[in-house]
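Asks: Have a look at this one.
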Amino acid sequence: MNLSAEETKRFYRIWLPLLFYVNTHRQVIPELGAISEQRPISSEKANQIRQVLWESDLLRETFIAENPANLTNADLAIVASWSQRIAGKFYIMRFLKKYTVFLTEKDPPRAYGVLGLASPLEEIIPWPLPVYLDAVLLPFEDKIIYDSLLNPYAITFGKGIRSSLNADYRKAQERGGIITTLQPRSPEEIRQDMTESNRKVLAAFRKDLAASHLSLKMVEEHTGQIARFTESYLLALNPPRSLLDLNLGDLQKHLKKAGKKANRVSFKRLVRFLRDTDRIAWDEAQAMQNFLQQR
């Protein structure tokens with residue numbers, strides 16, 4: 001899915017003067033001259049200028065202050081919001097009806113729903129997924145776009161890498177779902193995200209317990225114990241957290257407070273599930289298991 005034609009026109013009405021401003025002040029390409037819809041710039045030259053632009057916020061901020069293109073206050077607010085940009089290496093994982101899914105390379109994985117500009121991203125990136133690339137994601141009011149330039153790598157992935165990426169995509173979906181806005185989130189929205197994350201992880205945990213041939217009573221006891229822990233401890237933190245962020249300190253604090261009321265077996269099964277499904281790091285899981293073996 002793309003921005004509307006009018007939104008795309010608005011983006012370039014902001015973007016091209018910003019590139020021209022950066023080039024004028026830094027002389028990235030001295031002979032370039034004006035940049036506009038009537039005098040388009042090649043992707044190669046635009047890429048050189050945008051690298052200078054994103055090195056710091058100074059040029060963008062002075063552009064806002066001076067407003068050489070006589071942009072409206074609403075358009076300047078768009079430029080100001082680009083302080084929330086996300087730059088780096090991503091994997092394009094899915095072309096969906098509503099957006100294209102960009103998965104971050106860094107851990108923990110995050111998945112962003114990104115809109116195309118003049119052309120659908122599926123047409124710009126015609127290679128088999130996943131595609132590895134450099135990109136800068138920008139807020140555009142309540143949507144996420146990219147800064148008109150993508151730098152894909154000519155790399156194909158084997159079965160093992162694709163499996164690992166799909167696991168990261170699942171983690172991102174469990175952690176907070178597909179992120180479709182870069183606007184700051186309220187504490188209540190963050191809590192809702194973590195509540196939904198814990199619901200998804202608990203559902204997978206319950207399914208895993210059932211597959212181990214435990215009785216229904218024991219399955220419900222273990223999942224109930226962990227559900228109460230997420231509600232009373234993880235969601236009560238500031239900021240609230242997901243089971244995917246569980247660590248040794250969490251278990252030490254919770255079990256010390258809960259005393260004999262806590263069923264350590266439930267937590268042993270939880271940690272083993274999180275470890276064996278690659279939802280938490282092996283060394284963190286080992287530290288928690290060692291603690292849970294103690295009496």
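The values are calculated or read from the model by the stated rules, or taken from the named source; none is laboratory data. Since the model is a prediction, treat every value here as computed from it, not as a measurement. Backbone-built Cβ (ideal geometry, glycine too); neighbour counts: all protein chains shown.
Asks: Do we have any residue at all in segment 80-89 that's of a type in the set (A, V, I, L, M, F, W, C) and in a helix (DSSP H, G or I)?
Replies: yes
Asks: Now, a different point. If I ask for residues that are of a type in the set (A, V, I, L, M, F, W, C) and over 17 Å from the mean Cα position of the chain (by Cα), which ones from segment 124-164 would you list?
Replies: Ile124, Ile125, Trp127, Leu129, Leu149, Leu150, Ala154, Ile155, Phe157, Ile161
Asks: Taking the condition of being over 25 Å from Leu243 (Cβ atoms) and touching a Lys or Arg at 6+ places or on another chain (Cβ under 8 Å), how many residues in segment 96-113 meet it?
Replies: Number satisfying all stated conditions: 1.
Asks: Could I ask something else about it? How do the helices (runs of 4 or more DSSP H) wholly within segment 198-295 filter down when requiring 1 or more residues that are hydrophobic (A, V, I, L, M, F, W, C), in contact with a Phe, Trp or Tyr (Cβ under 7 Å, 6 or more places away or on another chain) and farther than 22 Å from Gln173 by Cα: which remain?
Replies: Working: elements: 216-232, 248-258, 264-276, 282-293.
Of the helices (runs of 4 or more DSSP H) lying wholly inside segment 198-295, those with at least 1 residues that are hydrophobic (A, V, I, L, M, F, W, C), in contact with a Phe, Trp or Tyr (Cβ under 7 Å, 6 or more places away or on another chain) and farther than 22 Å from Gln173 by Cα span 248-258, 282-293.
Asks: Name the single residue that is farthest from Glu105 (Cα to Cα) among those in segment 161-183 being part of a loop (DSSP other than H, G, I, E, B) and hydrophobic (A, V, I, L, M, F, W, C).
Replies: Per the stated criteria, the residue is Leu182.
Asks: Where residues in segment 1-32 are modelled with pLDDT under 90 and surrounded by 12 or more Cβ atoms within 10 Å (Cβ to Cβ), which of them is farthest from Leu150 (Cα to Cα)?
Replies: Among them, the one singled out is Leu32.
Asks: Another question about this same structure. Just to be sure, is Asp107 under 21 Å from Pro184 (Cα atoms), within 15 Å of the chain's Cα centre (by Cα) and not assigned by TED's automatic domain parsing to the domain that holds Glu44?
Replies: On the way: under 21 Å from Pro184 (Cα atoms): yes; within 15 Å of the chain's Cα centre (by Cα): yes; not assigned by TED's automatic domain parsing to the domain that holds Glu44: yes.
Yes: the conditions hold for Asp107.
Asks: Out of the residues in segment 107-156 that are of a type in the set (Phe, Trp, Tyr) and under 24 Å from Gly177 (Cβ atoms), state the one that is surrounded by the most Cβ atoms within 10 Å (Cβ to Cβ).
Replies: Looking only at segment 107-156, we keep the residues that are of a type in the set (Phe, Trp, Tyr), and these are 112, 127, 132, 140, 146, 153.
This time we only want the ones that are under 24 Å from Gly177 (Cβ atoms), so: 112, 132, 140, 146.
Details: Tyr112: 22, Tyr132: 19, Phe140: 22, Tyr146: 24.
Among those residues, the one meeting the criterion is Tyr146.
This table checks each residue for (1) part of a loop (DSSP other than H, G, I, E, B); (2) over 14 Å from Pro17 (Cα atoms); (3) assigned by TED's automatic domain parsing to the domain that holds Pro152.
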| residue | (1), (2), (3) |
| --- | --- |
| Ala34 | yes, no, no |
| Glu37 | yes, no, no |
| Pro40 | yes, no, no |
| Lys45 | no, yes, no |
| Arg50 | no, no, no |
| Phe63 | no, no, no |
| Leu71 | yes, no, no |
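Asks: Which numbered condition trips up Ser148, out of (1) at negative phi; (2) part of a loop (DSSP other than H, G, I, E, B)?
Replies: (1)
Asks: Step by step: first the residues of segment 63-84, then only those that are under 24 Å from Gln183 (Cβ atoms) and of a type in the set (S, T, N, Q), then the one that is surrounded by the fewest Cβ atoms within 10 Å (Cβ to Cβ). Which residue is that?
Replies: That would be Asn73.
Asks: Looking at Asp193, Asp168, which one is surrounded by 15 or more Cβ atoms within 10 Å (Cβ to Cβ) and under 20 Å from Gln84 (Cβ atoms)? Steps first, answer last, please.
Replies: On the way: Asp168 fails: under 20 Å from Gln84 (Cβ atoms).
Of the residues listed, the single one that is surrounded by 15 or more Cβ atoms within 10 Å (Cβ to Cβ) and under 20 Å from Gln84 (Cβ atoms) is Asp193.
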